[in-house]
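Working notes for the structure below.
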Amino acid sequence: MGHIPLIDELAAIAALGVLVTLVFSRLRLPAVAGLLFAGALAGPAGFGLVTSIDAIDVLAEVGVVFLLFTIGLEFSLTRLQSIFKQVAFSGLLQVSLTTSAVALAAVALGEPPGRSVFFGFVFALSSTAIVLRALTERRELDAPHGRFIVGTLIFQDLCVVPMVLIVPLLGDGDSMGGAATGMLIALAKAAAVIVLTIVVARQVVPRVLAWVDRARSREIFLLAVLSLCLGTAWLTSLAGLSLALGAFLGGMAIADTDFGHRAMGDVMPLRDTFMSIFFLSLGMLFDLRVVMEQPLLVLGLTAAFVVGKGVLATFTALVMRFPARVAWLAGVGLAQFSEFGFVLAQLGQQTGVVDAKGLSPVLSAGIVSMFLTPLLVRAAPHVRAGEKLLAPLGKLLGARSIDEVALNVGEKPAGHVVLVGFGLSGQLIARSLQACGVKYVALELNAETVRTSREKGATVWYGDATSEEALAHANLVKAKALVLVMNDPAAVQRVVATATRVAPHVPVLLRARYLAEKPGLLQLGAHDVVAEEVEGGLEMLSRVLRWLETPRNVIDKQLREAREATQTSERKVTVPRKTLGEMRALADLKLENVLIEAGAPGAGKSAVQLELRSQTGALVIAVQRGAALLEQPDPHAPWEVGDVVFLAGTSEAIRKATEMLVKSAVALGDRDQRDAEGK
């Protein structure tokens, strides 16, 4: 077989990508940054290992199609309806502010209106892949700034769809009226395609996938999913719309079926492979010659991504009434170029909105911003200057702590518990404190949680516990304890450090996610730390051993040894109990209750007199006499009329015991026999 074009180049860039990402992993840098750097080295401006740039771009575009398809799989119509309200305002504000600011700046610099709006779109989007990976690695997805960033990214991903429709209409910047007409036509086409997709998703796709699933072949199912992905992309392109829009709609069509999760699992390896090629190809666009020829322009555009865009995102968070620290971290997290910006850039070039010369500096600056993002996200929590500068603006915009509520000096609580975090754990603790007659004040940064909880009567305020101001208004110095159940590890450390400085006599009890965090928190001044991974692991250990029918004393020993090796607990060891039917060794045993009637053979007799155990094999485990339950009945005590005797044993033993105790022995015995036969 002869030489296959492109294989050698793919092999070269794949090997280089592996080598560079391994080096980056040793430096504790993300893989995406390694892929970008490897692409820059392999590209025309680097070592020139790749000459078939167009072919690589085709593979990269396939990666983008798969990315949009998987995003569609995650955003079913049902989920979009449930999350749209919570992300719409913040996302709309961030995208609108960034697009408008960049477009106005571009117009001021002499760019035509259409191209200016295009640059606004490119700047408005942030990198979902890079930012989500950075937040996941730092365990900050559930932190207040993490929730804000994720919500904004979701809205940005949704904005890609109308942006892809609008970009081809921006080429004629001097004829905005014609562009508006074309935009309406494109939106009408898109609406028709979306309606058709919804109909197909509800009526056709589930039946087709169910039919394919009957083949019991993973290969055929994967091929069917790929057909839907690529087929919808192709059909939308025939309608004059983008491949990306079609892939997104194809994913949504499958997401509302019973096969959405399976399709996601099958497509993810392909998506990751092509997305790696995508980031390599994106790195190849970095042109060092452009940087050398126009250093000030590239530097200015990089600053626009990192500083300007970050400032606008920070302002958005402050408008949403997040405190200065959360707004600062959110701004840093959203300040970079997006992989979808590359999609828009390609589309802009293809439709004549912008040429390669005008786009190269933007792409080079954008790639630098993507490379810097993981480093900036890691450093931001340790930089206090940013949030200090934002604090006055935050108060001006209303992003204040609990000083805005009616807690004057005469109303400050005392002898209470200060509870930081009002998620599920915080609500459970608050409910128990209230039941025990202990007062509490809770601080929470999720405004919606604060609103709904206060409507239910909870004493919870919107406040940032990392600030001395919030802890002072919660009157920490007069509190019995400070309890932290937060989802932001960095913020937990700052709260502990602040609390031990403000009120060193108040014990601090907190929850950490990992046991490795415990020594550092204790050193900061925490009095007790509960590691989630330990408690979750011990609970799983007890349940697994119980399902394996391990003797209780052995389970207790294993739990005791595990606790001694990790962390102690004041809580009594509990093990989930199983019913007789759930224990395989006792699966043949049955429980039955028998009423002692007047004149029955068992009336006035005892179990010992009747030799019930030896004659039948059944065991009397309890007797109900009136309203009282005798859990340990005296085997020598005679049964009274009206007693209900509870028996345990095999079906045959129960039948014999019933015959011995009651008049209707035949009927009851027949019923038990039927139960045994139906078992």
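For the stretch 419-453: of the residues being charged (D, E, K, R) and under 22 Å from the mean Cα position of the chain (by Cα), which is surrounded by the fewest Cβ atoms within 10 Å (Cβ to Cβ)?
Taking the candidates together, the pick is GLU448.
So ALA253 ticks every box in (1) out of contact with any helix residue (DSSP H, G or I) (no Cβ under 7 Å at 6 or more places or on another chain); (2) in a helix (DSSP H, G or I); (3) of a type in the set (A, V, I, L, M) but one. Which box is left unticked?
ALA253 satisfies every listed condition except (1).
Right, ALA303: without any contact (Cβ under 8 Å) to a residue 12 or more places away in the chain and in a helix (DSSP H, G or I) or not?
For ALA303, the condition - without any contact (Cβ under 8 Å) to a residue 12 or more places away in the chain and in a helix (DSSP H, G or I) - is met.
Which residues, taken from the stretch 256-272, are assigned to a helix (DSSP H, G or I), in contact with a Leu (Cβ under 9 Å, 6 or more places away or on another chain) and of a type in the set (A, V, I, L, M, F, W, C)?
ALA263, MET264, VAL267, LEU270
When you go through PHE66, PHE75 one by one, which is the residue that is assigned by TED's automatic domain parsing to the domain that holds VAL131, within 30 Å of GLY246 (Cβ to Cβ) and either modelled with pLDDT of 75 or more or of a type in the set (Ser, Thr, Tyr) (or both)?
PHE66
Quick one: is GLY426 in a helix (DSSP H, G or I), at pLDDT 85 or above and under 30 Å from GLY331 (Cα atoms)?
Yes; evaluated as a whole, the condition is true for this residue.
Basic (Lys, Arg) and over 29 Å from the mean Cα position of the chain (by Cα): which single residue out of LYS518, LYS557 fits that description?
LYS557
How about the stretch 109-133: which of its residues are surrounded by 23 or more Cβ atoms within 10 Å (Cβ to Cβ) and among the aliphatic types (A, V, I, L, M)?
VAL117, VAL122, ALA124, LEU125, ILE130, VAL131
For GLU549, indicate whether it is on the phi > 0 side of the Ramachandran plot, outside the structural domain of TYR440 (by TED's automatic domain parsing) and of a type in the set (Asp, Glu).
In short, yes.
Residues of the stretch 288-333 being under 24 Å from SER467 (Cβ atoms) and among the aromatic types (Phe, Trp, Tyr), which ones?
PHE315, PHE322, TRP328
Residue check: is ALA653 outside any strand (DSSP E or B), at pLDDT 60 or above, surrounded by 15 or more Cβ atoms within 10 Å (Cβ to Cβ) and not polar (S, T, N, Q)?
yes
Out of curiosity, is THR232 β-branched (Val, Ile, Thr), under 17 Å from PRO168 (Cβ atoms) and either modelled with pLDDT of 80 or more or surrounded by 18 or more Cβ atoms within 10 Å (Cβ to Cβ) (or both)?
Criteria not met by THR232.
The values are calculated or read from the model by the stated rules, or taken from the named source; none is laboratory data. Just so we're clear, the structure is a prediction, and the values are computed from it rather than from any experiment. As a convention, Cβ positions derive from the backbone with ideal geometry for all residues, glycine included, and neighbour counts pool all protein chains shown.
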